[in-house]
Amino acid sequence: MSKPKYKLIYFNSKGRAEVTRLLFHLAGYDYEDVRITDEQWHCKYKLDMPCKQVPVLFIDDEPLTQSKAIARYVAKQTDFYGQTNSQCARIDAVMDVCNDWHYSMVKWFGTGDPEVQESWVRVLREEAAPTVCSNLETLLRQNNGGDGYFVGDTITVADLFVFCDIEVIQAFVDDLLAKYPKLSALFDRVASNEKVAEWVKTRPHTKY
């Protein structure tokens, strides 16, 4: 059976689409990476999107919305999800732990007011980031003492999800991983994966 035709629509940034892009790259799947401008979003794409949001993944012209649903779907298609129900649940737990800093990031990007932006960066720096990093470190240590990956013995979407989040949040929080040695080592472990490193080197350069 042939693979579906995939088209991923998002802005020209890492954001909520980077995990999915990385999954496709690691698996060697062909897909169309459509990166749109703010003007294109408001003038052309927004009205046609199911929830008036991106990312949206078109699977043989059928739209799938919501970034985590998209990432989970692609992870299952590319064998980067768990092998058992227990593993899948642990992967979901890791992804859900990250919601705390996602909330701060969404607030930051959602306003053009510098004072409001700074207040949300402060929340991210002083509250969300330490809480999330501590919780992720705890979950990581539950598998092989934290010296491998979040689930099993190989990279899953959980590791990619955390890796992509850390890439973005490090731009706002200095020394993000300084107090979390296992999490820091995981980030380096994922970054050193040959295909991950290839993607990071060749993808369009964006700050976030």
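The values are calculated or read from the model by the stated rules, or taken from the named source; none is laboratory data. Quantities reported herein were computed from a predicted structural model and do not represent experimental measurements. So basically every Cβ, Gly included, is an ideal-geometry build from the backbone, and we count neighbours across all protein chains shown.
The rows are residues; the columns are (1) in contact with a helix residue (DSSP H, G or I) (Cβ under 7 Å, 6 or more places away or on another chain); (2) at pLDDT 95 or above; (3) farther than 19 Å from Ala129 by Cα; (4) surrounded by fewer than 16 Cβ atoms within 10 Å (Cβ to Cβ).
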position: Glu62; (1), (2), (3), (4): no, yes, yes, yes
position: Ser67; (1), (2), (3), (4): yes, no, yes, no
position: Ala71; (1), (2), (3), (4): yes, yes, yes, no
position: Ser86; (1), (2), (3), (4): no, yes, yes, yes
So which of Asp33, Asp38 is surrounded by 11 or more Cβ atoms within 10 Å (Cβ to Cβ), out of contact with any Gly (no Cβ under 7 Å at 6 or more places or on another chain) and either acidic (Asp, Glu) or in the same structural domain as His102 (by TED's automatic domain parsing) (or both)? Asp33
Would you point out the residue of segment 66-89, among those that are assigned to a loop (DSSP other than H, G, I, E, B) and in contact (Cβ under 8 Å) with a residue 24 or more places away in the chain, that is farthest from Pro55 (Cα to Cα)? Gln83
Name the residue, out of Asp48, Asp92, Asp113, that is without any contact (Cβ under 8 Å) to a residue 24 or more places away in the chain, charged (D, E, K, R) and closer than 14 Å to Tyr10 by Cα. Asp48
Which condition breaks for Cys164 when tested against (1) in contact with a Leu (Cβ under 6 Å, 6 or more places away or on another chain); (2) closer than 20 Å to Tyr208 by Cβ; (3) assigned to a helix (DSSP H, G or I)? (1)
By residue number, the members of segment 183-197 that are crowded, with 16+ Cβ neighbours inside 10 Å and within 13 Å of Tyr149 (Cβ to Cβ) are Leu183, Leu186, Phe187, Arg189, Val190, Asn193, Val196
